[in-house]
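The values are calculated or read from the model by the stated rules, or taken from the named source; none is laboratory data. The structure displayed is predicted, hence computed values, not measured ones. Every residue, glycine as well, gets a Cβ built from its backbone with ideal geometry; the counts of neighbours run over all protein chains shown. Each accessible area value is taken on the protein alone, full model and side chains, heavy atoms only, with ligands, DNA and RNA left out. Shrake-Rupley method; radii C 1.70, N 1.55, O 1.52, S 1.80 Å.
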Amino acid sequence: MPPRVRFAPSPTGYLHVGGARTALFNWLYARRHGGQFILRIEDTDVERSSNDMVTGILDGLRWLGLSWDEGPEVGGPHAPYYQSQRIERYRAAATRLLSEGKAYRCFCPAERLQDQRRRAEQRGEASMYDRACLSLPAGRIAELQAAGTPSAVRFTVPPGVTVFEDRVRGRIEFDRANIEDFVILRSDDGPTYHLSVVVDDIDMAITDVIRGDDHISNTPKHVLLFEALGAAVPRFAHVPLILATDKKRLSKRHGATSVTEYQRQGYLPAAMLNFLALLGWSPGGDRELMTASEMVEMFSLDGISGGNAVFNPDKLDWVNGQYIARLSVDDLAAAVRPFIDQAGFSHAPLVVDEPRFHRLLELIRPRAKRLTDFPFQAAPLLMETVEYEPEAVSKHLSTPDLAGHVTALVARLRDTSPFDEPHVEAAVRETAAARTVKAGILIHAARVAITGRTTSPGLFELLALLGRDETTARLERLITFLSVRPSPIS
């Protein structure tokens, strides 16, 4: 049968990189095999969950292009898809396990359990519940319940070994002697993660569970619950964790971790998707750039490595730059315009004039790694007044009689026709020759006049783009600046 996979985030935070990569692997697997990708919100932690976080998760998935077949806002035959709306299903499952003798009530107070854990730590041992409540007589249980004594429900772990075939890591065995009777229903009648996730997977007919390998230790408990509830055990695939370049688990201290933050930083969704896919998966060979449809065609769990993946921001920048380079100019303009608007340049002459705006984008494109690079590099050209960076002033505006050289260039440019790149370049170089100075002196000075910076896209292309009037006006401002600036000390 076609696979049914799920992504089940907790809305206690926005969609982070690790979650997005897990969602992508599930989505690719479903699309590759003609299956269904289900989105489920695990919001039983009421205090930490929020609707804003749910919205952030949905927006992050949509931005990446990961559409879901069942789940919030699209519905489906296994609704509801919020755990907070399924509490009675979990309680019913716990009641069933109690009635079948596969679970029992635990009345141990928190103080006793804490003391038990403390003593185990002092002995250097793992804490294991001592089953003090396993054999309580029915009469004693009734007395405690009648007295209103709080109780949790614990699953009775049977003796033996739990074995499952992990589709990434191979055969994995757990000795159940090392698994304590774990809580499935807390004393407040709220389900634990173990119970709710298994009940949901059963109800939603999940066939394959693809998740981070930090869940491997949970899997034997889940296998036991599937079996106790008489359900087929899904296939498991635990994918490697994502580490930062320092080989520690990726966290906020390493920079952005939220997918929406990468959107704000100017990454293209297709580039982010491509980059995430390569964090732990390889299509074979040395291919690094793939469209979503190509990834679907090539995706296989066999291509997922067992070793942890490293999130390299420089590699992400490179991938994003490659995608920027491949966009049509119309698509590039559409992608860049929100960042231009956000920077306050939506009404700048070079922006409202579409052909000139497109030309500006083409000049910046070879140097851009993110969409945010466009408003940054374009800013001097879009501002009415350019501010000269101190480094540019000290490095390029100290030549003797520079004002005279620039004045001669202005005069020559006023007579240059047509005012295009070849003729502008000729005007600059011929003026330099006539003034017996190196062309670089005029080129660097003109760059400071036009952009205020030491680096920019090609100068002659920029002058032609700005046009004669704006170019000469900026050069004349530089002349004024040089005339009132104290002479450099030789």
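With θ set to phi - 60° and the Karplus curve 6.51 cos²θ - 1.76 cosθ + 1.60, what are the ³J(HN,Hα) couplings of region 301-317 in order, to the nearest whole Hz, using x for Gly and Pro?
In residue order, the calculated couplings are 5, 5, x, 8, 7, x, x, 5, 8, 10, 7, 10, x, 5, 5, 4, 4 Hz.
Rounded to the nearest 500, what is the chain's calculated 222 nm mean residue ellipticity when only DSSP H runs of at least 4 contribute -39500 (n - 2.57) each, over all residues?
Helix contribution divided over all residues of the chain: -14500 deg cm²/dmol.
Under a plain spin-label model, where a point goes 7 Å from the Cα along Cα-to-Cβ, how far apart in nm are Val233 and Glu476?
8.3
Sort out for me the Cα centre separation of region 1-57 from region 294-321, rounded to whole Å.
Between the Cα centres of region 1-57 and region 294-321 lies a distance of 19 Å.
Convert each backbone phi in region 465-471 into a coupling constant with the Karplus relation 6.51 cos²θ - 1.76 cosθ + 1.60 (shift: θ = phi - 60°), then list the ³J(HN,Hα) values in order as whole Hz, x for Gly and Pro.
Working through the residues one at a time gives 5, 5, x, 4, 5, 5, 5 Hz.
Counting every Cα pair in region 297-413, what percent are over 23 Å apart?
Counting pairs separated by more than 23 Å, the tail of P(r) holds 53 percent.
Projecting each Cα onto the charge dipole of region 67-153 (Lys/Arg +1, Asp/Glu -1 at the beta carbon, about the Cα centre), which of Ala94, Gly75, Ser135 comes out farthest on the positive side?
The listed residue farthest towards the positive side: Ser135.
What residues qualify as long-range amide H neighbours of Val310, i.e. H under 5 Å apart, gap of 5 or more or another chain, H built at 1.01 Å from N?
When sequence neighbours closer than 5 places are left aside, the close amide H contacts are Leu243.
Give the calculated FRET efficiency between Val352 and Thr385 to the nearest 0.05, with a Förster radius of 22 Å applied to their Cβ-Cβ distance.
In this case the efficiency is close to 0.70.
Computed over the Cα atoms of region 168-209, what is the convex hull's projected area averaged over all directions, in nm²?
Averaging across all directions leaves 4.3 nm² for the Cα convex hull.
Taking the Cα centre of region 392-459 as origin and charging only Cβ (+1 Lys, Arg; -1 Asp, Glu), how large is the dipole, in debye to the nearest 20?
260
Over the chain, what is the percentage of antiparallel beta bridges among all DSSP beta bridges, to the nearest 5?
The antiparallel proportion sits near 55 percent.
Using a 1.4 Å probe, how large is the accessible area of Thr12, given in Å² and rounded to the nearest 10?
Approximately 50 Å² for this residue.
So, with +1 on the Cβ of K and R and -1 on the Cβ of D and E, and no other charges, what is the size of the charge dipole of the chain about its Cα centre, to the nearest 20 debye?
860
Among Gly170, Ala378, Ala110, which residue has its Cα positioned farthest towards the positive end of the charge dipole of the chain, with +1 placed on the Cβ of Lys and Arg, -1 on the Cβ of Asp and Glu, and the dipole taken about the Cα centre?
Comparing the listed Cα positions along the dipole, Ala110 ranks first.
Once amide H atoms are placed 1.01 Å from N in the peptide plane, what residues at a sequence separation of 5 or more from Ser10, or on another chain, have their amide H within under 5 Å of its amide H?
Excluding prolines and chain starts, which carry no amide H, the hits are Glu42.
May I have the extent of the alpha carbons of region 29-149 along their three principal axes, as whole Å values ordered from largest to smallest?
Computed over region 29-149, the largest-to-smallest principal extents equal 54, 36, 31 Å.
Taking the Cα centre of region 243-323 as origin, sum charge times position over the Cβ atoms of Lys and Arg (+1) and Asp and Glu (-1), and report the length of that vector in debye to the nearest 20.
Approximately 500 debye in magnitude.
Report, as a whole number in µm² per second, the diffusion coefficient that Stokes-Einstein gives for the chain at 25 °C and 0.890 mPa s using the Kirkwood radius over alpha carbon pairs.
89
Find the accessible area per residue for the chain; the probe is 1.4 Å, ligands and nucleic acids are left out, and the unit is Å².
Averaged over the residues of the chain, the accessible area is 47 Å².
Mind giving me the FRET efficiency for Arg32 and Thr95? R0 is 45 Å, r the Cβ-Cβ distance, nearest 0.05 is fine.
0.70
Quick one: Karplus J couplings for region 258-274, per residue in order, coefficients 6.51, -1.76, 1.60, θ = phi - 60°, nearest Hz, x for Gly and Pro?
7, 4, 5, 5, 5, 4, 5, 7, x, 8, 7, x, 5, 5, 5, 4, 4
Can you pull the accessible area of Arg91 for me, 1.4 Å probe, Å² to the nearest 10?
70
In the chain, with Lys and Arg counted as +1 and Asp and Glu as -1 at Cβ, which of these residues, Met204, His444, Ser251, has the Cα nearest the positive end of the dipole, that is, farthest along it?
Positive-most Cα among the choices belongs to Ser251.
Using per-residue counts of other Cβ atoms within 10 Å, averaged over each peptide, order 92-99, 200-207, 387-394 from highest down.
Highest-to-lowest ranking by the protection proxy: 200-207, 92-99, 387-394.
Mind checking which lysines have their C-alpha under 22 Å from Lys102, skipping anything on the same chain fewer than 8 residues away?
The reachable lysines, counting only those whose Cα sits under 22 Å from Lys102, are Lys221.
Using a 1.4 angstrom probe and counting only protein chains, how large is the accessible area of His444 in Å², to 10?
70
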